Ligand SMILES: Cc1ncc(COP(=O)(O)O)c(C=O)c1O
């Protein structure tokens, strides 16, 4: 039996990178400054009595997504939401089907929990779209869970409701559930899409206020699940973190009241920045990729091969960072985020171009 891996190597790497002035590796929009919210100290409370499964926050999350509070479990970020959901859903030895390429902590968590991991491919030749046929081919009668991200990390590919429904039906046929990490979904501003939780009780969805709202410091994450599963997750969490920091829960409620203000500038920022990136991509013979239509991240291929020399040169001479594709099991690609202020992205892309020009 292979040794259990008790860590996320990608997360360790990501959290220990020195800051770069032109951070093309980030997958978030700029941080929202707390002083833009009308908060007084009296709005915050430490009182533990009010925080158990704190209803006002579950209500606020549920109201935004059209989900009843009994379907909402809160957690520290999508990170803990994913782990808590997976720990509830996976029994050691279960067969779990995970997309390729994938956000590594999902793979690491499933491995840590003793899953027998199988993969299905999101093909780069098809813009990494979620293909129900690829899921169907990899499903077996033993599959208990399918794990996908929507939007897809790293590529930003969007899966529509019909596709998700089809994947859900395929999974349900063998008695499997589908976990959809939706942390980037709200950045598909032109799609007016719903959480996949609305497609049936065999879906479990996770998200947070991190990526699209610039509020990662709040660690306001959640899981949507049918009430019996949600109850099991709450009960399991009594073994883990028990409850979130209450001032963060209060701040999260205030953020939800003002969410349209928090996000107001983001659709235009991302649309502008995606356009800038698309122009850059078109101008480069040494890059291959899909033009961005949604989301914050994209995953182009460098025709020069393994991107490690590119990553190193960007760091050494250009104060610029990208996420090397090896973290997504595709070393000749890199993940690039377009969430920075536009002038910063513009300069970052110019530096990326200059570095590419110097490499064979
Ligand atoms: C797909 C995906 N899920 C979850 C997370 C973690 O999000 P959070 O900050 O809400 O824990 C990330 C962050 O990169 C991510 O890309």
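No lab work stands behind these numbers, since they all come straight from the coordinates. The structure presented is a predicted model; accordingly, all values stated were derived computationally and were not measured. Every residue, glycine among them, receives a Cβ derived from its backbone with ideal geometry; neighbour counts consider all protein chains shown.
Region 288-357 to region 74-95: how many Å between their Cα centroids? After rounding, the separation between the Cα centres reads 31 Å. In terms of other Cβ atoms within 10 Å, 222, 302 run from fewest to most in the order 302, 222. By DSSP, the beta bridges lying fully in region 39-257 are antiparallel in about 30 percent of cases.
Could you tell me which of rounded, prolate or oblate describes region 262-306, using a ≥ b ≥ c as the square roots of the eigenvalues of the alpha-carbon gyration tensor, with rounded for a/c under 1.5 and, failing that, prolate when a/b is larger than b/c and oblate otherwise?
The shape class here is prolate.
Say R0 is 35 Å: what FRET efficiency, to the nearest 0.05, do residue 173 and residue 234 get from their beta-carbon distance? E(calc), rounded to 0.05, equals 0.75. Under the classification rounded if a/c is under 1.5, otherwise prolate if a/b is larger than b/c and oblate if not, where does region 1-147 fall, given a ≥ b ≥ c as square roots of the Cα gyration tensor eigenvalues? Verdict is prolate for region 1-147. Between residue 43 and residue 9, what is the label-point separation in nm under the 7 Å Cα-to-beta-carbon projection? Once both label points are built, they end up 4.4 nm from each other.
How would you rank 48-54, 211-217, highest first, on the average number of other Cβ atoms within 10 Å across their residues?
Going by the mean number of other Cβ atoms within 10 Å, highest first, we get 211-217, 48-54.
Tell me whether the chain comes out rounded, prolate or oblate; compute the Cα gyration tensor, take square roots of the eigenvalues as a ≥ b ≥ c, and use a/c under 1.5 as the rounded threshold.
Oblate shape, in that a/c is at least 1.5 and b/c is the bigger or equal ratio.
With each label modelled as a point 7 angstrom along the Cα→C-beta vector, the residue 16-residue 306 pair spans 1.9 nm.
Using R0 = 35 Å, the C-beta based FRET efficiency linking residue 126 and residue 33 works out to 0.30. Note: relative contact order over region 39-257, using C-alpha pairs below 8 Å and six or more positions apart, is 27 percent.
How many nm separate the modelled label positions at residue 133 and residue 268, each set 7 Å beyond the Cα in the direction of the Cβ? Taking the two extended label points, one gets 4.3 nm. Fewest-first ordering of 330, 292, 6, 11 by other beta carbons within 10 Å of each residue's beta carbon gives 6, 11, 330, 292.
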